[in-house]
1. When only residues in the stretch 42-74 that are hydroxyl-bearing (Ser, Thr, Tyr) and not in a loop (DSSP other than H, G, I, E, B) count, which is nearest to CYS89 (Cα to Cα)?
2. Would you confirm, using the coordinates I've provided, whether MET105 is of a type in the set (A, V, I, L, M), at pLDDT below 90 and in the same structural domain as PHE132 (by TED's automatic domain parsing)?
3. Check the stretch 135-142 and report whether any residue there is touching a residue at least 40 places away in the same chain (Cβ under 8 Å), farther than 18 Å from ARG43 by Cα and of a type in the set (S, T, N, Q).
Amino acid sequence: MRKGQSALEYLLTYGWAILIVIIVGASLYALGVFSPGQWTGKRQTGFAQFRVADFSLNEDGNFSIAFQNQLGKTVTLNNIYVYYKNVECTLTNGTTAGNIAPNEMYVAWGDCDTTWGVTLTARTSYSLVVDFDYTDPDSGIDHRDSGTLFGAVEAT
């Protein structure tokens with residue numbers, strides 16, 4: 001008779017402890033603690049010749065990239081390519097920007113179409129791969145400056 005009572009007390013004690021852990025975990029999840037995008041700051045890698053001053057991507061797939069020519073001379077920007085999860089995004093403006101003077105700021109924006117199965121949720125992390133194709137007018141040689149932008153999806 002005593003063995004059954006101690007077994008039941010054992011199960012109840014651990015049952016309450018497990019229930020409390022589940023409630024705490026669900027509360028933390030509801031608060032967004034486990035969403036890595038909430039803790040992701042904006043950062044970038046690459047880009048030797050162009051400086052990306054600011055960028056954003058929202059839940060609708062709309063992105064904006066503000067960049068600056070850091071070459072010290074005017075260059076001809078031929079194309080800008082933006083990729084999200086290896087799919088090319090559509091530029092609304094900025095596909096061919098023309099000549100960009102030294103330190104001139106330029107903003108390109110467009111849409112990363114989400115119809116191919118990827119949904120964007122606010123506060124989740126993302127990375128955009130960006131390629132700037134430009135021509136040095138002095139030499140006539142074509143170049144590509146590439147980099148990656150990291151951030152959190154913004155709410156619309």
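The values are calculated or read from the model by the stated rules, or taken from the named source; none is laboratory data. Worth saying up front: this structure is predicted, and the values here are computed from it rather than measured. For neighbour counting, all protein chains shown are included, and Cβ atoms are generated from backbone atoms with ideal geometry for every residue, glycine included.
1. Within the stretch 42-74, the match that is nearest to CYS89 (Cα to Cα) is SER64.
2. Criteria met by MET105.
3. Yes, the stretch 135-142 contains a residue that is touching a residue at least 40 places away in the same chain (Cβ under 8 Å), farther than 18 Å from ARG43 by Cα and of a type in the set (S, T, N, Q).
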